[in-house]
Amino acid sequence: MEKPSKIAPAKGKLGVLLPGMGAVSTTFMAGVELVRKGKSQPVGSLTQMGTLRLGKRTDARSPLIKKFVPLAELKDLTFGGWDIFKDNAYQSAANAGVLNPQDLERVKSFLSTIKPMKAAFDHDFVKLIDGPNIKKGKNKYELALQIKEDIANFRKTSRASRLVTCWCGSTESFVKPEDVHSTPEKFLEAMKSNHPMIAPSMLYAWASVTSGVPFANGAPNLTVDIPAIQRLAHDNNVAICGKDFKTGQTLMKTILAPGFKARMLGLEGWFSTNILGNRDGEVLEDPGSFKTKEESKLSVLEYILQPQLYPQLYGKMCHKVRINYYPPRGDNKEGWDNIDIFGWLGYPMQIKVDFLCRDSILAAPIVLDLVLFLDLAQRAGMRGIQEWLSFYFKSPMTAPGLYPEHDLFIQSMKLKNTLRWMKGEDLITHLGQEYYD
Ligand SMILES: NC(=O)c1ccc[n+]([C@@H]2O[C@H](COP(=O)([O-])OP(=O)(O)OC[C@H]3O[C@@H](n4cnc5c(N)ncnc54)[C@H](O)[C@@H]3O)[C@@H](O)[C@H]2O)c1
């Protein structure tokens with residue numbers, strides 16, 4: 001990819017389109033408004049709080065990322081979305097129960113104005129929920145065209161100069177890439193013939209990309225991770241990324257596992273279990289949706305630990321992931337990890353992690369960063385898969401034949417070096433010999 005010669009300024013409003021207005025979406029929108037009102041801090045957001053070093057350690061140049069690259073400002077964000085339920089964003093946030101009533105009250109009038117558009121939904125893909133706010137059409141192509149119309153209308157009514165879509169809808173049933181996903185032409189035919197392997201999230205992806213709108217996928221379903229949509233993204237000069245926000249347990253995994261590998265500590269097994277009680281947890285009770293999530297969660301250790309390179313350390317590791325729907329916990333998930341490692345001479349040790357986390361509190365700043373960085377990439381003329389945004393995903397998308405980088409610290413370096421590269425600054429290698437010359 002060529003280095004951007006110029007990045008267009010972030011002029012005008014940035015419209016954020018959210019298919020799925022549940023816990024994550026509403027926590028994100030409420031949070032942006034609370035920060036805009038000066039009532040809270042954007043904790044967890046690299047674009048809002050992060051800095052990056054430029055030049056040598058002795059240069060003392062560490063600007064805020066948002067000052068270094070031209071990002072849209074929070075005041076310029078405007079929101080729209082789709083859901084199968086008719087609840088406005090305030091009602092939906094109240095149902096999700098993530099934010100306390102006091103915080104919600106402060107943004108009630110703002111959230112109440114955000115009403116979901118009718119969703120393109122297929123019960124076969126999300127079996128355990130159903131709702132009344134659903135589009136009708138002869139076939140999937142008609143539904144996709146209706147989404148395109150929604151996007152065009154939103155562009156007009158919101159007076160946004162640019163748009164970004166971020167899938168925050170439920171996890172769909174497991175789908176493997178098939179022939180119908182291989183080219184834009186086959187994909188179009190498959191939509192017209194109502195092919196069962198075309199998931200609703202793919203319709204949003206198709207509509208968005210063919211409308212010139214960048215797309216991020218926060219769930220583990222394929223969505224934009226198929227050759228047909230990637231080709232369209234390339235041809236329409238649209239930036240895309242995914243998949244599956246990296247939040248609680250997987251975030252911890254991609255922090256700990258690189259450490260074990262760096263110190264050549266062995267791993268015999270890693271057992272992860274979760275209890276969660278939000279709607280996401282309810283959807284994941286269905287084996288089809290769970291399979292999609294499981295695939296996404298399991299791949300991480302294989303890629304980080306590279307058992308093919310270190311068979312004595314990782315060749316026999318046993319990795320299991322369980323998710324249990326347990327309503328009393330709501331959005332406050334508990335993730336337990338039992339890690340069986342071994343050290344010098346093969347002596348065994350155990351590590352236990354008990355992360356009492358808040359799913360949507362961890363996911364909301366990721367949505368914000370993805371929206372702002374995708375908009376930046378789009379203005380810089382970067383099209384197709386944005387691998388530098390791997391930092392935010394459990395199953396980062398990559399070019400065909402490339403294995404994904406899961407190590408959070410490699411991902412962080414990749415992201416920051418991409419920003420330096422975009423602005424023509426020296427990349428940081430951490431070699432550091434020059435300080436000793
Ligand atoms: N919260 C996290 O930490 C986290 C981490 C990784 C991934 N995710 C993923 O993010 C997504 C959102 O999570 P959440 O906790 O907000 O879930 P949620 O159940 O609260 O919200 C999802 C919303 O999507 C709606 N929906 C389902 N199908 C739709 C369709 N076809 N069109 C429009 N709307 C549709 C549902 O009605 C629901 O309101 C899930 O797929 C989840 O797996 C969340």
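Numbers below:
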quantity: Residues within region 295-309 that are open to solvent by 20 Å² or more (accessible area, probe 1.4 Å) and touching a Pro at 6+ places or on another chain (Cβ under 9 Å), tallied; calculated: 3
quantity: Where a residue in region 229-246 is at pLDDT below 95 and open to solvent by 20 Å² or more (accessible area, probe 1.4 Å) and its partner, wherever it lies, is assigned to a helix (DSSP H, G or I) and within 10 Å of the ligand (Cβ to nearest atom), with Cβ under 9 Å and at least six apart; calculated: Lys243/Ser296
quantity: First in region 281-309 and without any contact (Cβ under 8 Å) to a residue 12 or more places away in the chain, second anywhere and open to solvent by less than 10 Å² (accessible area, probe 1.4 Å) and of a type outside the set (Gly, Ala, Ser), Cβ under 7 Å, 6 or more apart; calculated: Pro307/Tyr314
quantity: Among the candidates Gln378, Gln306, residue that is polar (S, T, N, Q) and at pLDDT 95 or above; calculated: Gln378
quantity: Within region 31-65, considering residues that are in contact with an Asp or Glu (Cβ under 7 Å, 6 or more places away or on another chain) and within 14 Å of Ile361 (Cβ to Cβ), the one nearest to the ligand (Cβ to nearest atom); calculated: Ser45
quantity: Verdict on Ser173 being closer than 13 Å to Ile147 by Cβ, among the hydroxyl-bearing types (Ser, Thr, Tyr), within 14 Å of the ligand (Cβ to nearest atom) and in contact (Cβ under 8 Å) with a residue 24 or more places away in the chain; calculated: no
quantity: Check on Ala119, of a type in the set (Gly, Ala, Ser) and within 14 Å of Gly31 (Cα to Cα); calculated: no
quantity: Total residues in region 50-96, condition at positive phi and without any contact (Cβ under 8 Å) to a residue 12 or more places away in the chain; calculated: 1
quantity: Some residue of region 21-28 being away from the ligand (no atom under 16 Å from the Cβ) and either buried (at least 17 other Cβ atoms within 10 Å of the Cβ) or of a type in the set (Val, Ile, Thr) (or both); calculated: no
quantity: Odd one out for Asp124, checked against (1) farther than 30 Å from Lys423 by Cα; (2) away from the ligand (no atom under 16 Å from the Cβ); calculated: (2)
quantity: Enumerated helices (runs of 4 or more DSSP H) restricted to region 79-121, each holding at least 3 residues that are within 13 Å of the ligand (Cβ to nearest atom) and surrounded by fewer than 23 Cβ atoms within 10 Å (Cβ to Cβ); calculated: 89-96
quantity: In region 394-437, the residues that are among the hydrophobic types (A, V, I, L, M, F, W, C), assigned to a helix (DSSP H, G or I) and under 30 Å from Thr171 (Cα atoms); calculated: Leu408, Phe409, Ile410, Met413, Leu415
quantity: Residue within region 262-278 that is closer than 20 Å to Val367 by Cα and open to solvent by 10 Å² or more (accessible area, probe 1.4 Å) present; calculated: yes
quantity: Residues located in region 60-73, provided they are surrounded by fewer than 19 Cβ atoms within 10 Å (Cβ to Cβ) and among the hydrophobic types (A, V, I, L, M, F, W, C); calculated: Ala60, Leu64
quantity: Hits in region 127-154 (condition: near the ligand (Cβ under 10 Å from one of its atoms) and of a type in the set (Gly, Ala, Ser)); calculated: Gly131
quantity: Residue ID - nearest to the ligand (Cβ to nearest atom), chosen from residues in region 383-404 that are open to solvent by 20 Å² or more (accessible area, probe 1.4 Å) and not β-branched (Val, Ile, Thr); calculated: Phe391
quantity: Residues that are crowded, with 24+ Cβ neighbours inside 10 Å and either among the hydroxyl-bearing types (Ser, Thr, Tyr) or within 14 Å of the ligand (Cβ to nearest atom) (or both), drawn from region 155-170; calculated: Thr165, Cys166, Trp167, Cys168, Gly169, Ser170
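The values are calculated or read from the model by the stated rules, or taken from the named source; none is laboratory data. These numbers were taken from a predicted model, which means no experiment stands behind them. In this analysis, Cβ positions are derived from the backbone assuming ideal geometry, glycine residues included, and neighbour counts consider all displayed protein chains. Ligands, DNA and RNA are stripped out before the accessible areas are found, and what is left, the full protein with its side chains, is counted by its heavy atoms. Shrake-Rupley method; radii C 1.70, N 1.55, O 1.52, S 1.80 Å.
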